[in-house]
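Engineer: Input: one structure, supplied below.
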Amino acid sequence: MAAWGKCFDPNGARHGIPTFPWRCAPDGYATRRQLRARGLRPGGQPVAAQVLRPRYRRGPLVAYLYRLDQAKPVRPMTPAKRAALAKANTARRTCPQCRTDAGYVIPNSLGVCVPCAFPDDEQRAA
């Protein structure tokens, strides 16, 4: 219960902005993800409040909240943006070594497609 008290500062005297415990934010506030689920975006407004979740032996988790009444609608996807996104996704799937579309996003840990990264495994399977 003491941890809950450290996270409850509705006037912002301790943290500088209104602060609420995890899952206890008042109506009218939303996180970025919650705004996006409603088809909204912050639209340049500053952070209005925060939600803190205390953790054992570490700093608290923080979620910033924005006001719903000041949120703006998400900008629609234009044909140019859609084409650029498709081109970027194609580049993420193309192996730089064999220049083929792998059919999946190539992991950064490998840098190349799986057959190029492990050529011996393919010969053993055959």
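The values are calculated or read from the model by the stated rules, or taken from the named source; none is laboratory data. Because the structure is a prediction, the values reported are computed rather than measured. Don't worry about glycine lacking a Cβ; one is built from the backbone with ideal geometry, like all the others, and counts go over all protein chains shown. Remember, those area values only see protein heavy atoms, side chains included, never the ligands or the DNA or RNA. Shrake-Rupley method; radii C 1.70, N 1.55, O 1.52, S 1.80 Å.
Engineer: Would you grab the residues whose amide H sits under 5 Å from the one on Phe20? Only those 5+ places off in sequence or on another chain, please, with H modelled 1.01 Å from N.
Structural biologist: Asp9, Gln50, Val51, Leu52
Engineer: Compute the acute angle (0 to 90°) between the alpha-carbon long axis of helix 79-93 and the principal axis of greatest extent of the alpha-carbon atoms of the chain; round to the nearest 10°.
Structural biologist: Once rounded, the angle reads 60 degrees.
Engineer: Where in region 64-88 is the amide nitrogen less than 20 Å from a point lying 7 Å along the Cα-to-Cβ axis of Ile17?
Structural biologist: Answer for this model: 64-74.
Engineer: Could you look at the chain and say what percent of its accessible area is carbon and sulfur, using a 1.4 Å probe and all protein chains?
Structural biologist: C and S atoms contribute 54 percent here.
Engineer: Size of the dipole of the chain about the Cα centre, Lys and Arg at +1 and Asp and Glu at -1 on the beta carbon, nothing else charged, in debye to 20?
Structural biologist: Taking the Cα centre of the chain as origin, the dipole is about 440 debye.
Engineer: Once you've got the GNM for the chain with C-alpha springs shorter than 10 Å, pick whichever of Val112, Val62, Val74 has the biggest mean-square fluctuation.
Structural biologist: Val112
Engineer: Still on this structure, I have one more. Between Arg55, Arg67, Arg38, find the one with the highest GNM mean-square fluctuation for the chain; connect C-alpha pairs within less than 10 Å.
Structural biologist: Looking only at Arg55, Arg67, Arg38, the biggest GNM fluctuation is shown by Arg55.
Engineer: Something else now. To the nearest 500 deg cm²/dmol, what mean residue ellipticity at 222 nm is calculated for the chain from DSSP H runs of n ≥ 4 alone, each contributing -39,500 (n - 2.57), summed and divided by the residues?
Structural biologist: -7500 deg cm²/dmol
Engineer: Ok, one more. How compact and how long is the chain, expressed as Rg and Dmax of its alpha-carbon atoms in Å?
Structural biologist: For the chain, the Cα radius of gyration and maximum Cα-Cα distance read 23.0, 69 Å.
Engineer: With every protein chain present, what is the per residue accessible area of the chain (1.4 Å probe, Å²)?
Structural biologist: Roughly 75 Å² per residue, with all protein chains present.
Engineer: Please list the non-local residues whose amide H lies under 5 Å from the amide H of Arg41, H modeled 1.01 Å from N, same-chain partners needing a gap of 5 or more.
Structural biologist: Residues meeting the amide H criterion: Lys72, Val74.
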